[in-house]
Structure formats: structure tokens, C-alpha cells
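For reference, the structure is listed below as C-alpha cells.
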Amino acid sequence: TASSPPPPQAREILSAAATALNSDETDDNQLPLPAHSVIRLIQCPRCSLPLRTPLRLPCGNTVCKSCLPPIRQRTGITYPANDERKEGFTCYWGGKDTCSGEHCLGDCGTDVLLSKLVDVFEEVLANRGATPDTVDPDAGFSLTWRSSLESTPMNARIGCDLLGGVYDLVKQGRFDYNASDVGYAPEDSVQQGVGQSFGRLREAVRNELDCQVCYSLILDPLTTCCGHTFCRGCVAMVLDHSDLCPLCRRKLNMSSTVRSEPINNRVSELVEALFPAQIGTRREGYTEDATREDKERTIPLFVSSLSFPTMPTFLHIFEPRYRTMIQRVMRSRDKKFGMVMYNRSGRLQQGLGRAQFMQYGTVLLVERFELLPDGRSLVIASGVSRFKVISFEMLDGYHVGRIQRVDDIPISEEERQESLETSTTSELPSPSVDAASTAPERLPTQQLFQIALDFVEKNRREGATWLHQRVLLAYGEAPTDPALFPWWFASVLPLWEDEKYHLLSTTSVRERLKMVVRWVRKSESREWYLSPSTGVFTSFTPFSMSVSISFGSAPSPASDGRHRAQNEESEAYIPQTLVLGIFLALFATQMAINVVQIRRARRREP
Ligand SMILES: [Zn+2]
Ligand SMILES: [Zn+2]
Ligand SMILES: [Zn+2]
Ligand SMILES: [Zn+2]
């Protein structure tokens with residue numbers, strides 16, 4: 001997991017806390033850090049008041065809603081074009097740590113947990129009743145500090161309750177967030193001055209800090225777009241099964257970023273400062289879990305052809321080694337295996353040498369499985385996620401790969417790239433840039449998508465065989481989501497497999513759409529029919545290898561290449577749609593037979 005180290009400030013608090021804890025671990029009411037450092041945990045870095053409607057920024061920092069920098073319209077971004085992503089601002093923390101500098105307003109949600117914690121501080125520290133200082137103004141502590149706003153040293157009398165006293169100063173706006181040289185007098189009774197406030201505060205805060213997934217102290221706090229905070233590991237686990245927030249059921253859209261998303265700095269600091277011992281124990285326990293998870297990141301590999309996320313793959317499994325493999329997959333808990341393409345040209349790949357298969361592949365989840373009487377099987381699987389094989393070993397004749405997930409960059413990064421790449425376009429002397437001749441790099445993401453949609457529409461009108469009804473029956477209509485469209489397009493478009501393969505290693509929607517537009521342009525110029533290649537020219541890649549039927553061979557780069565290729569195209573694609581129909585029919589028949597057999601078997605039972 002990408003548990004980022006605590007920020008420097010938290011580290012400082014941490015070491016102070018650790019020292020204090022080592023000296024006396026049994027007394028929970030001991031103040032492990034100075035009173036002002038405790039109050040600082042809920043102080044706004046901009047206005048220095050206790051946070052009011054805290055917003056969690058995408059870089060992991062927090063400010064009051066009213067302390068956000070000036071909001072402005074964002075330009076040069078067409079994807080994703082939601083209303084809530086149209087406004088943005090330049091962040092205070094730009095250039096530091098994880099902050100990219102520019103944030104989208106839609107990415108800054110109210111931090112539900114932190115709002116609650118600010119209330120807890122208020123409840124415990126503001127309602128502490130009559131304190132001795134109201135009786136005797138000379139009793140209690142005096143505080144001295146240097147404000148970042150004033151040149152002269154500051155001082156105040158804060159009564160006998162240190163935490164409450166400092167909290168009052170903060171609420172009055174007298175003690176700023178960046179105060180330094182803080183001194184308490186009399187120094188020797190500081191521990192006493194903490195009184196019961198710290199114990200009560202700690203207890204009240206602890207009640208709020210349980211993760212609602214694992215019911216333990218939140219580890220590596222990650223805040224979702226809906227403002228709820230969980231352990232990073234818990235969010236990752238939830239996302240394996242659904243894309244909804246476990247608390248409010250809103251859509252998360254985090255599956256690709258859950259490992260890289262910055263932690264919630266504020267909540268993390270609070271946990272580290274107030275519960276250093278507990279979080280230490282949690283972390284030790286978690287490291288064990290993580291390594292266990294690590295071992296499980298191996299997957300059986302089916303070396304055949306290309307599969308893509310969200311798209312179905314149809315397999316006829318007849319080779320004995322893959323029969324063994326699929327039986328094991330079906331007995332496994334998650335029913336997943338990896339699909340990788342043959343390394344036909346014997347390419348040398350990093351870490352794999354001249355392995356039989358290509359490095360990037362797709363995790364497939366078995367959706368339907370029909371066992372034929374002779375041990376062969378028909379499988380319909382759907383693409384779940386992408387991976388890169390790091391190393392592999394053989395098991396009973398098939399490959400087992402150690403894999404690393406391949407994910408898209410966060411949406412904010414996606415937007416940044418688009419605005420960066422397209423901004424050079426606007427600087428061109430001629431504003432009327434012809435989309436057809438512009439390099440895909442310079443086109444807005446939405447326009448790239450539109451070019452592909454127009455191409456599909458045109459081909460449909462012309463009755464292109466690769467958009468035959470049977471093809472659409474298997475792969476569905478063209479997705480309206482630009483993030484998913486390229487997977488569909490690559491599944492149905494007749495194109496060299498080697499070319500489609502590059503799609504698997506992309507890490508942004510924009511990158512995929514640029515690739516798609518290059519294919520569209522090649523197709524329109526019929527360029528690819530003439531380019532010499534060793535690749536197999538197929539549409540239904542899964543069939544070509546797994547059903548052992550090769551559709552159409554690569555056209556030769558001879559002088560009559562264009563003519564021949566066109567002929568081959570029309571000959572090759574009609575049978576393919578037929579084969580798909582036959583496969584589905586076979587599948588349905590086999591299912592019916594199995595159902596009848598099961599019914600018969602049940603009837604025979606006493
Ligand atoms: Zn503020
Ligand atoms: Zn920021
Ligand atoms: Zn948790
Ligand atoms: Zn939620």
C-alpha cells in the first residue's frame with residue numbers, strides 16, 4: 001500500500017508524543033505534547049480559528065469553507081465535463097508535498113469526520129464550567145508566544161485549565177496558527193494544568209475515530225468525495241466489490257486512485273498525536289495483512305489473445321493444461337484469471353526475457369461456465385482490471401504470473417494533461433484549426449471521443465461488417481462513457497492485435513482516445529492494409545486463438561495489397577459474425593442440456 005509518511009509537522013508531534021509515552025505509558029491523561037499543539041490540530045491554517053465547515057482539499061490539506069482561495073472558471077478541460085468540475089482555484093500549498101497547485105472545486109468535499117471532531121473539541125473545552133481562575137484572577141498559567149503577524153512578543157493569562165485556556169485564545173482569534181516560541185509559566189505544574197480536560201477530550205475524540213468498515217482506529221485515513229473517512233486499506237477492500245461509499249452509498253470513482261490518493265493530513269495528525277501507541281499497534285498488525293495480500297497477487301495466466309476491461313471474452317477451453325487451470329479457477333473464491341496475448345514476435349521484455357506472452361494483460365472474471373461432457377468447457381468472462389506481469393513460474397504446464405495493477409491517473413491529473421496539451425493549440429496563429437489535420441495530442445479530449453463516435457456512426461450507416469448485429473449482441477452498443485469507449489472500440493474494430501495491445505498499458509482516458517483517433521485516421525486512409533506486419537489481423541481476437549480458427553491472414557505488402565486486403569476483409573468478416581452466433585448458440589444449448597441433466601438427477605433422488 002502507498003501509506004505516505006506523515007508530514008514533517010506530524011512527525012515532530014509524533015516524536016514528542018513517543019518520548020512522552022515512553023516515560024509514562026500508563027497515564028492516559030498525561031499530555032504528550034504542548035497544549036497549543038493539541039488545539040492546533042483543529043485550527044484553520046488560514047484564519048487560525050477552529051475550523052468552520054472544514055473542506056478537505058485533494059492534496060490532503062484542510063481549510064474552512066470560507067477560507068478557500070478565490071474561485072474561477074477552469075479552461076481547457078473538456079473531460080470529464082461535469083458541472084461540478086467547471087470551477088477551480090489555485091491552492092495555498094501548491095508546489096509543496098502532494099499538492100499539484102490547481103484544484104477543482106468539485107474535489108473539495110466537506111470533511112464530515114473533521115467537522116464532528118471540531119464539535120467534540122468545542123463540547124469538551126468550551127463547556128468546562130466554572131474554573132478556579134474565575135475565582136482568583138492571579139491563579140493559573142500565563143502564556144507567552146511570538147505571533148507570525150505581530151513583531152512584539154505576545155502574552156496572556158489563561159487560567160488553570162491549559163487546554164481550555166489556549167482554546168479560548170484561539171476562538172478569540174488571539175493565538176495564530178503559526179505562533180512560535182510558546183512558553184508556559186509556571187513550567188513545573190504544566191502536567192497538573194492539563195487536568196481532566198485532556199482525558200475527557202481524548203476519550204470523546206476516540207469515540208469518533210473508528211473506521212466504519214473495520215471498526216478499529218482509522219489507519220492511513222482516506223477521505224472520499226462524499227466526505228467520509230475510512231482506512232485506506234478498507235476503501236481498497238470495499239472497492240473490490242462495489243463502487244459505493246459504505247456509509248452513504250454514493251458513487252466513489254476511486255478504484256484507480258485509492259492507492260495513490262493523499263491521506264487526510266488533519267485526521268492523520270490527530271490520530272498520530274492523540275493515540276500514538278494504538279496506531280503503532282494497528283500499523284504493525286496491518287503490515288502483516290499487507291504482506292499476506294502481497295502473496296496473493298499472483299494469478300494463473302491464460303496465454304491466448306487480447307481481452308479488455310469491461311468487455312466480454314468468449315473462450316472454448318480444450319487444452320488439458322488449461323482445463324486444469326480453469327477447474328482451479330472455478331474452485332477459487334474470486335473466480336479470476338489473467339488473460340495475456342501471445343508474444344508472437346518473440347519480443348524481449350523487461351523482467352520476463354523472451355517469455356511466450358506479452359507483459360500487459362487483463363484480469364478476467366468468469367461470468368458463465370459450462371462444462372462439456374468430455375472435459376472441455378465454454379467460458380464467458382468479463383474484463384475487470386489491467387495488470388503488468390513482473391515475473392512468472394510454471395504450474396502443471398500453465399503460467400502463473402506475479403502481477404502489478406495498471407491503473408489510470410487521477411481525474412485531476414487527467415484534466416491537467418488535457419489543459420497542458422491543448423493550451424498550445426490556442427497559441428497558434430490561426431484559430432480555425434482543422435480537426436482532421438490536427439495531431440490528436442492537440443485536440444480536446446471530448447473532440448477525440450466525438451471523432452471516434454462519428455466514425456462508428458458512419459460505418460454503421462455504410463453497413464460495416466464489424467458492426468454487425470451479432471457483434472453488438474456480444475459486445476453491446478458503443479459506450480457513452482469516454483473512459484470505457486476505447487475498450488469496446490478495440491474489441492470490435494478489425495485491427496492488428498499488436499496495435500490494440502498498446503491500449504493495455506495506457507494510464508489515462510485521454511491517452512486511450514488519442515490512440516483510438518490514430519486508428520480511425522489510419523482506417524480512413526486505409527493505411528493499415530498496406531503496412532507490413534507480422535501480426536494476426538483479426539476482429540474477434542478471443543476466437544482466433546482459443547477456438548483455433550484464424551480469421552483472415554495478414555495481407556502481404558505486395559503491390560496489389562490494397563485490393564487483396566479489401567477482398568479478404570469482406571470474406572473474413574461474415575464468417576466471424578457467424579462463428580460468434582454459433583458460439584452463443586452452442587453455449588445456450590449446452591446450458592439447456594446441463595439444466596435438463598440437473599433436473600433429471602434431482603428427480604432420481606429419493
Ligand atoms: Zn479558516
Ligand atoms: Zn493543494
Ligand atoms: Zn478501517
Ligand atoms: Zn460517503
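The values are calculated or read from the model by the stated rules, or taken from the named source; none is laboratory data. No experiment lies behind these values; they were computed from the predicted model shown. Don't worry about glycine lacking a Cβ; one is built from the backbone with ideal geometry, like all the others, and counts go over all protein chains shown. To get the accessible areas, we keep the full protein, side chains included, count just its heavy atoms, and leave off ligands, DNA and RNA. Shrake-Rupley method; radii C 1.70, N 1.55, O 1.52, S 1.80 Å.
Hey, could you check segment 92-127 for residues that are in a strand (DSSP E or B) and touching a Phe, Trp or Tyr at 6+ places or on another chain (Cβ under 8 Å) and say which is nearest to ligand 4 (Cβ to nearest atom)?
Result: His103.
Rundown of residues vs (1) closer than 24 Å to Glu414 by Cα; (2) modelled with pLDDT under 85, yes/no style:
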{"position": "Gln192", "(1), (2)": "no, yes"}
{"position": "Phe198", "(1), (2)": "no, no"}
{"position": "Leu201", "(1), (2)": "no, no"}
{"position": "Leu209", "(1), (2)": "no, no"}
{"position": "Thr223", "(1), (2)": "yes, no"}
{"position": "Cys248", "(1), (2)": "no, no"}
{"position": "Asn253", "(1), (2)": "yes, yes"}
{"position": "Ser260", "(1), (2)": "yes, yes"}
{"position": "Val271", "(1), (2)": "no, no"}
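For every residue, the table says whether it meets (1) among the hydrophobic types (A, V, I, L, M, F, W, C); (2) at pLDDT 90 or above; (3) more than 16 Å from ligand 1 (Cβ to nearest atom).
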site	(1), (2), (3)
Ala2	yes, no, yes
Thr26	no, no, yes
Leu51	yes, yes, no
Ala81	yes, no, yes
Arg85	no, no, yes
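Out of curiosity, is Val205 under 26 Å from Pro262 (Cβ atoms) and more than 16 Å from ligand 1 (Cβ to nearest atom)? For Val205, the condition - under 26 Å from Pro262 (Cβ atoms) and more than 16 Å from ligand 1 (Cβ to nearest atom) - is met. Arg470 passes every criterion in (1) crowded, with 18+ Cβ neighbours inside 10 Å; (2) in a helix (DSSP H, G or I) apart from (1).
One residue stands out among those in segment 470-527 that are touching a helix residue (DSSP H, G or I) at 6+ places or on another chain (Cβ under 6 Å) and among the hydroxyl-bearing types (Ser, Thr, Tyr): the one that is nearest to Ser412 (Cα to Cα), which is Ser508. In segment 366-393, the residues that are more than 20 Å from Met330 (Cα to Cα) and open to solvent by less than 20 Å² (accessible area, probe 1.4 Å) form Cβ pairs under 7 Å with partners that are in a strand (DSSP E or B) and aromatic (Phe, Trp, Tyr), at six or more places apart or across chains, as follows: Arg386/Tyr360.
Quick check on my filter: what residues within segment 211-232 are open to solvent by 20 Å² or more (accessible area, probe 1.4 Å) and near ligand 3 (Cβ under 8 Å from one of its atoms)? Correct list: Gln212, Val213, Cys214, Tyr215, Ser216. A single entry from Arg297, Arg266, Arg321, Arg250 fulfils the requirement of being away from ligand 3 (no atom under 16 Å from the Cβ) and in contact with a Gly (Cβ under 6 Å, 6 or more places away or on another chain): Arg321.
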